[in-house]
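The values are calculated or read from the model by the stated rules, or taken from the named source; none is laboratory data. Bear in mind that the values here come from a model prediction, so they are computed numbers and not experimental data.
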Amino acid sequence: MSGAAPPPGPEPQRKPLFGGCWSCRLLSGSALLASGAYVFNEARKVMRKGGITSMGTVAQITFALSIAAWGLVIIADPVGKAEKKN
């Protein structure tokens, strides 16, 4: 079988986000969590003053929650933690 392809080599290792640096992940993740809390607080401030809950306020709260979720993902660093099953 001269036309057979050689077996594939090992898969290249994916480099972890931020190079696996725990302090880098903690600093940037907590900064994103704090940013999400600030944006959420500013949206709630309008609602506490008796303002109308508009689509802009809902979008601002959604954006704040997505920023906070992004911060949690960076801190948890789930990329590469799942092991491949044979």
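Observations
- Single residue of 69, 43 found to be at pLDDT 95 or above and among the small types (Gly, Ala, Ser): 69
- Selection count, the range 49-61, where residues are at pLDDT 90 or above and not polar (S, T, N, Q): 5
- Qualifying positions in the range 14-40 - part of a helix (DSSP H, G or I) and either modelled with pLDDT of 95 or more or more than 14 Å from residue 76 (Cα to Cα) (or both): 30, 31, 32, 33, 34, 35, 36, 37, 38, 39, 40
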